[in-house]
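To keep things clear, I will list the structure first and then write my remarks on it.
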Amino acid sequence: MKIVVAIKQVPARDSLLKIGASGAWIEDADLAWEINEPDAYALEAGLQLKEKLGGETVVVCAGPERAGQTIREALAKGADRAIHIETVEGEMSDPLSLAKILAKALEAEKADLVLTGLQSDDLGYGQTGVILAEVLGLPHATLIMNIDTEGSGIKVKRELEDGWFQHVEMPLPALLTIQSGATKLRYATLMGIKKAKTKEVRRVTAAELGGLREDAVKVTRIYVPEKSKKSQVFDDPPKEAAAKLVEKLRFEARVI
């Protein structure tokens, strides 16, 4: 089975974020970078399937030159090879453009299964995986907790709300977005780190794959939410005042 896993490099979770001079994005010069956590679970799911069924696991990552570090980490954990789509810093903020570029890069792969994380830790759109499935023309399912083979297809377990789950049978090829926390993540071994240095990384630029759409979504301004304080006095009888207070706490302050 050929499994492709889409990964992304994002700022480390404990990073101190500051708004850049342009006001359009964060100051990233001194940030530490790591693999997007939901994508790490997608990678783990792909590696476990390869160990169980055989075949190969290929990672694809769109990002600037520094993303090579995250790609090598994925190779050190067990991925067989990688595709690095080289982009300009901060270029790929539009999920449709990114999905089309990823689809173009994966045309020749003919993957049996494409895995992505549920969403990215930095932008959090949660759209790239499902849009990619549509562009590739693949059946897809989201919030996947477990994957089993079922004849010539697969059977997946989806997490729903309030502790409910759904089991879905799907044909292959297909695309799945993996829920975080579904499995225990592995660490790269010393032998894996050594092997990663010799594994293939195919590089291609985003421009060669079509680049950004003319009407792409672009981040023009980010800012820290303004904090304000205000007081409200209820002059109603105690019972009515209590009811209004509960309503404010529940629907406006959202603390109960």
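The values are calculated or read from the model by the stated rules, or taken from the named source; none is laboratory data. Please read all numbers here as calculations on a predicted model, not as lab measurements. As a convention, Cβ positions derive from the backbone with ideal geometry for all residues, glycine included, and neighbour counts pool all protein chains shown.
Scan the stretch 87-95 and give yes if some residue there is in a loop (DSSP other than H, G, I, E, B), free of Cβ contacts under 8 Å to residues at least 24 places away in the same chain and over 16 Å from the mean Cα position of the chain (by Cα), otherwise no. Show your work before the answer.
Looking only at the stretch 87-95, we keep the residues that are in a loop (DSSP other than H, G, I, E, B), and these are 87-94.
Among the residues that remain, those that are also free of Cβ contacts under 8 Å to residues at least 24 places away in the same chain are: none.
Looking for residues that are in a loop (DSSP other than H, G, I, E, B), free of Cβ contacts under 8 Å to residues at least 24 places away in the same chain and over 16 Å from the mean Cα position of the chain (by Cα), one finds none in the stretch 87-95, hence no.
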Would you tally the residues in the stretch 205-225 being part of a loop (DSSP other than H, G, I, E, B), in contact (Cβ under 8 Å) with a residue 40 or more places away in the chain and closer than 19 Å to L102 by Cβ? 8
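Pull up the stretch 196-220, narrow it to residues that are aliphatic (A, V, I, L, M) and within 21 Å of the chain's Cα centre (by Cα), then point me to the one that is nearest to A79 (Cα to Cα). Before the answer, list the steps.
Of all residues in the stretch 196-220, those aliphatic (A, V, I, L, M) come to 196, 201, 204, 206-207, 209, 212, 216-217, 219.
Next, from what is left, pick out any that are within 21 Å of the chain's Cα centre (by Cα): 201, 204, 206, 209, 212, 216-217, 219.
On the way: V201: 11, V204: 19, A206: 22, L209: 23, L212: 28, A216: 31, V217: 32, V219: 32 Å.
That would be V201.
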Please determine whether any residue of the stretch 188-204 is assigned to a loop (DSSP other than H, G, I, E, B), touching a Ser or Thr at 6+ places or on another chain (Cβ under 7 Å) and either more than 30 Å from E51 (Cβ to Cβ) or at pLDDT 90 or above (or both). no
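With the condition kept exactly as written, say whether any residue in the stretch 172-195 is over 21 Å from the mean Cα position of the chain (by Cα) and under 23 Å from L113 (Cα atoms).
Taking the stretch 172-195 and keeping what is over 21 Å from the mean Cα position of the chain (by Cα), we get 172, 189-195.
Filter again for under 23 Å from L113 (Cα atoms), leaving 172.
Yes, some residue in the stretch 172-195 is over 21 Å from the mean Cα position of the chain (by Cα) and under 23 Å from L113 (Cα atoms).
In the stretch 214-249, what residues are surrounded by 10 or more Cβ atoms within 10 Å (Cβ to Cβ) and within 30 Å of Q127 (Cβ to Cβ)? It would help to see each step written out before you state the result.
Filtering the stretch 214-249 down to residues surrounded by 10 or more Cβ atoms within 10 Å (Cβ to Cβ) leaves 216-219, 222, 234, 236, 240-249.
If the condition is that a residue be surrounded by 10 or more Cβ atoms within 10 Å (Cβ to Cβ) and within 30 Å of Q127 (Cβ to Cβ), then A216, V217, K218, V219, I222 are the ones that fit.
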Residues of the stretch 127-174 satisfying the condition of being under 30 Å from I26 (Cβ atoms), outside any helix (DSSP H, G or I) and in contact with a strand residue (DSSP E or B) (Cβ under 8 Å, 6 or more places away or on another chain): T142, L143
Which members of the stretch 1-51 meet the condition of being over 20 Å from V217 (Cβ atoms), in contact (Cβ under 8 Å) with a residue 24 or more places away in the chain and assigned to a loop (DSSP other than H, G, I, E, B)? M1, R13
I'm trying to understand the selection: among the residues of the stretch 113-163, which are surrounded by 18 or more Cβ atoms within 10 Å (Cβ to Cβ) and small (G, A, S)? G117, S120, G129, A133, A141
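Which is out of contact with any helix residue (DSSP H, G or I) (no Cβ under 7 Å at 6 or more places or on another chain) and within 23 Å of Q179 (Cβ to Cβ), of E37, E65? Explain how you work it out, then say what you get.
Working: E65 fails: within 23 Å of Q179 (Cβ to Cβ).
On inspection, the qualifying residue turns out to be E37.
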